[in-house]
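Below is one structure, written out as structure tokens; comments come after it.
The values are calculated or read from the model by the stated rules, or taken from the named source; none is laboratory data. If you're wondering where the values come from, they're calculated on a predicted model, not measured in any experiment. Don't worry about glycine lacking a Cβ; one is built from the backbone with ideal geometry, like all the others, and counts go over all protein chains shown.
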Amino acid sequence: MVFTHDTETMLVFMTELINTCADASDSGADELSDAGQLNALLDAHEYTGRRDGDAAELAAVRDIRSELKRFWQRDRDQAAELVNAMLRREHALPQLVRHDSWDWHLHAIDRDAPLADRIRVEAAMALFDVVRDDELGRLSECAADDCGAVFVDLSRNRSKRYCDVGNCGNRMNVNAYRARRATGSK
């Protein structure tokens, strides 16, 4: 395990949230266009706490995607500044909590706070660990030419190059194989 369980869980959630954008999704459409899609994503990641289920909440969560994607395009100093700004904005107060099937872990905002605010703070707390551990290089954009998705590389040897959104790794390997076959190389 590269990071603590709650940090890894949040990083994976963040990538899936970001990859619901039309430019990153497998379908080419915004995959967070209604409350049902948002709830499915939250349920898949066992996201607890308040959910309003209204258009304002959906819009706020959709807006946070671009804010989070900036971490895949920043250096360590810039990322640290962004994390601090996110935590200040929401007046984060870290606390150890235990709920549902989770043992003691860190929350920094009340579970009754608006969903987008909780996502922002929990993402900032996960990114806090990434910056502190100098592991920003684990946040990568897919190497496929035609893909705008992001991923977090949790592999031991940091060798991941492609996202999990559109089966890009397999598709690019097939393309390379076909190109080699066309030129007579093996």
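Go through region 37-54 and give me each residue that's crowded, with 17+ Cβ neighbours inside 10 Å and not in a loop (DSSP other than H, G, I, E, B). Those that are crowded, with 17+ Cβ neighbours inside 10 Å and not in a loop (DSSP other than H, G, I, E, B): LEU38, LEU41, LEU42. Only one entry in ALA123, ALA144, ALA116, ALA92 is in contact (Cβ under 8 Å) with a residue 12 or more places away in the chain, farther than 25 Å from GLY49 by Cβ and crowded, with 18+ Cβ neighbours inside 10 Å, namely ALA144.
Among the candidates GLU57, GLU31, single out the residue that is touching a helix residue (DSSP H, G or I) at 6+ places or on another chain (Cβ under 9 Å) and either at pLDDT below 95 or part of a helix (DSSP H, G or I) (or both).
On the way: GLU31 fails: either at pLDDT below 95 or part of a helix (DSSP H, G or I) (or both).
That would be GLU57, the only listed residue that is touching a helix residue (DSSP H, G or I) at 6+ places or on another chain (Cβ under 9 Å) and either at pLDDT below 95 or part of a helix (DSSP H, G or I) (or both).
Looking only at region 14-28, count every residue that is modelled with pLDDT under 95, of a type outside the set (Asp, Glu) and either loosely packed, with under 14 Cβ neighbours inside 10 Å or part of a helix (DSSP H, G or I) (or both) and tell me the total. So the answer is 3.
Is it the case that ASP134 is within 28 Å of ALA85 (Cβ to Cβ), touching a strand residue (DSSP E or B) at 6+ places or on another chain (Cβ under 7 Å), at pLDDT 85 or above and of a type in the set (Asp, Glu)? Reasoning before the result, please.
Values: within 28 Å of ALA85 (Cβ to Cβ): yes; touching a strand residue (DSSP E or B) at 6+ places or on another chain (Cβ under 7 Å): no; at pLDDT 85 or above: yes; of a type in the set (Asp, Glu): yes.
No, not satisfied.
Looking only at residues in region 126-141 that are surrounded by 14 or more Cβ atoms within 10 Å (Cβ to Cβ) and farther than 22 Å from GLU90 by Cβ, the one that is farthest from the chain's Cα centre (by Cα) is GLU135. You will find that of ASN170, ASN84, ASN157, the residue that is out of contact with any Ser or Thr (no Cβ under 6 Å at 6 or more places or on another chain) and within 25 Å of ALA29 (Cα to Cα) is ASN170 and no other.
Could you tell me whether any residue of region 168-179 is surrounded by 17 or more Cβ atoms within 10 Å (Cβ to Cβ) and either out of contact with any Gly (no Cβ under 6 Å at 6 or more places or on another chain) or in contact (Cβ under 8 Å) with a residue 12 or more places away in the chain (or both)? First the steps, then the outcome.
Initially, region 168-179 is screened for residues surrounded by 17 or more Cβ atoms within 10 Å (Cβ to Cβ), giving 168, 172.
Restricting the remaining residues to those that are either out of contact with any Gly (no Cβ under 6 Å at 6 or more places or on another chain) or in contact (Cβ under 8 Å) with a residue 12 or more places away in the chain (or both) gives 168, 172.
Scanning region 168-179 turns up at least one residue that is surrounded by 17 or more Cβ atoms within 10 Å (Cβ to Cβ) and either out of contact with any Gly (no Cβ under 6 Å at 6 or more places or on another chain) or in contact (Cβ under 8 Å) with a residue 12 or more places away in the chain (or both).
Taking the conditions (1) surrounded by 18 or more Cβ atoms within 10 Å (Cβ to Cβ); (2) of a type in the set (Asp, Glu); (3) within 14 Å of the chain's Cα centre (by Cα) in turn, GLU67 satisfies each one other than (1).
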